[in-house]
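First up is the structure itself, then whatever we jot down about it.
The values are calculated or read from the model by the stated rules, or taken from the named source; none is laboratory data. As the structure is a prediction and not an experimental result, all values here were calculated from the model. No Cβ is skipped: glycine too gets one built from the backbone with ideal geometry, and neighbour counts run over all protein chains shown. Heavy atoms of the whole protein, side chains included, go into the accessibility calculation; ligands, DNA and RNA do not. Shrake-Rupley method; radii C 1.70, N 1.55, O 1.52, S 1.80 Å.
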Amino acid sequence: MLTKGEMERYDRQIIVRGFGVEGQEKLKKARVFIAGAGGLGSAAATYLTAAGVGVIRLVDHDRVELSNLNRQVLHWDEDIGRSKVASAAEKLNQLNRGVEIEAIEEMITEANVSQLVAGFDLIVDAMDNLPTRYLLNKVAIEKNIPFFHGAVHGFEGRAITIIPGETACLRCVYRGVIPEDKFPVIGVTPAVIGCIQATEVIKYIVGVGQLLTNRLLVYDGLSMKFTEFRVKKDPNCEHCGDLRGEETSER
Ligand SMILES: [Zn+2]
């Protein structure tokens with residue numbers, strides 16, 4: 001049930017076709033895991049908080065640095081040196097007190113990833129490195145949790161939505177080398193891609209529209225073009241290839 005205040009706060013989205021009070025109630029019940037409180041995480045967490053999801057668990061082990069501030073807009077000058085998740089949670093709480101924000105200052109590793117995502121309905125990949133993305137992709141498939149990938153580089157970005165057992169996974173799509181540590185990025189790019197991820201999360205929870213599945217969306221801000229590449233689930237994929245119908249339905 002929505003309160004009177006929630007009916008008013010979410011009025012403009014409740015009247016979106018296919019949404020309704022029922023859609024808002026679904027959002028209120030949803031538990032979203034966001035890996036990374038950087039540029040992508042700032043955008044995704046801000047709009048998911050504004051939209052009224054029930055719980056957001058933000059996980060990041062980094063502290064805010066001056067060179068983060070061109071793109072990680074939940075962190076401000078006064079936050080330099082603070083934990084990113086604490087800084088982010090403070091702003092998100094001010095935006096919407098109706099959303100429960102869990103701030104976890106931890107590095108996501110093979111040892112803790114399963115426990116970190118336990119009890120969550122969706123995983124947003126707002127990371128900045130491929131090894132952790134693969135870790136999250138793998139655990140999403142193992143636990144049958146939809147996975148919303150986003151990545152940025154300079155003026156370019158990518159996004160894809162992964163439904164375990166049904167669609168191509170991140171490993172089906174990416175086979176490349178691990179990119180360099182320090183990559184160029186202008187703040188508007190993670191804003192665009194993080195909002196695409198948040199849009200996909202909202203659509204998935206509410207049950208409207210067509211998801212960005214089996215389609216890798218590539219955004220080029222310089223030419224201002226969105227290009228789509230069809231991708232297929234790889235039967236030999238080392239992350240999702242051994243899944244069979246019977247196995248997936250049990251999870
Ligand atoms: Zn795969």
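Pairs meeting the criteria (first residue in the stretch 74-96 and open to solvent by 20 Å² or more (accessible area, probe 1.4 Å), second residue part of a helix (DSSP H, G or I) and among the acidic types (Asp, Glu), beta carbons under 6 Å, at least 6 apart or on different chains) are lacking. Among the criteria (1) more than 21 Å from Pro184 (Cα to Cα); (2) buried (at least 23 other Cβ atoms within 10 Å of the Cβ); (3) charged (D, E, K, R), the one Asp125 does not fulfil is (1). Within the stretch 39-49, can one find any residue that is out of contact with any Lys or Arg (no Cβ under 7 Å at 6 or more places or on another chain), outside any helix (DSSP H, G or I) and open to solvent by 20 Å² or more (accessible area, probe 1.4 Å)? Checking the stretch 39-49: not a single residue is out of contact with any Lys or Arg (no Cβ under 7 Å at 6 or more places or on another chain), outside any helix (DSSP H, G or I) and open to solvent by 20 Å² or more (accessible area, probe 1.4 Å). Taken over the stretch 160-173, the criterion of being open to solvent by 40 Å² or more (accessible area, probe 1.4 Å) and of a type in the set (Gly, Ala, Ser) is satisfied by no residue.
Would you say Asn137 is surrounded by 15 or more Cβ atoms within 10 Å (Cβ to Cβ), on the phi > 0 side of the Ramachandran plot and within 16 Å of the ligand (Cβ to nearest atom)? Taking the combined requirement at face value, the residue does not satisfy it.
Residues checked against (1) within 12 Å of the ligand (Cβ to nearest atom); (2) out of contact with any Lys or Arg (no Cβ under 9 Å at 6 or more places or on another chain); (3) among the acidic types (Asp, Glu); (4) touching a residue at least 60 places away in the same chain (Cβ under 8 Å):
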residue: Pro146; (1), (2), (3), (4): no, yes, no, no
residue: Ile162; (1), (2), (3), (4): yes, yes, no, no
residue: Val185; (1), (2), (3), (4): no, no, no, yes
residue: Ala198; (1), (2), (3), (4): no, yes, no, yes
residue: Gly207; (1), (2), (3), (4): no, no, no, yes
residue: Thr213; (1), (2), (3), (4): no, yes, no, no
residue: Cys237; (1), (2), (3), (4): yes, no, no, yes
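Return yes when Asn112 is in contact with an Asp or Glu (Cβ under 7 Å, 6 or more places away or on another chain) and open to solvent by 20 Å² or more (accessible area, probe 1.4 Å) and no when it is not. For Asn112, the condition - in contact with an Asp or Glu (Cβ under 7 Å, 6 or more places away or on another chain) and open to solvent by 20 Å² or more (accessible area, probe 1.4 Å) - is met. Between Gly176, Gly157, which is open to solvent by less than 70 Å² (accessible area, probe 1.4 Å), in a loop (DSSP other than H, G, I, E, B) and either modelled with pLDDT of 95 or more or more than 12 Å from the ligand (Cβ to nearest atom) (or both)? Sole residue among the options that is open to solvent by less than 70 Å² (accessible area, probe 1.4 Å), in a loop (DSSP other than H, G, I, E, B) and either modelled with pLDDT of 95 or more or more than 12 Å from the ligand (Cβ to nearest atom) (or both): Gly176.
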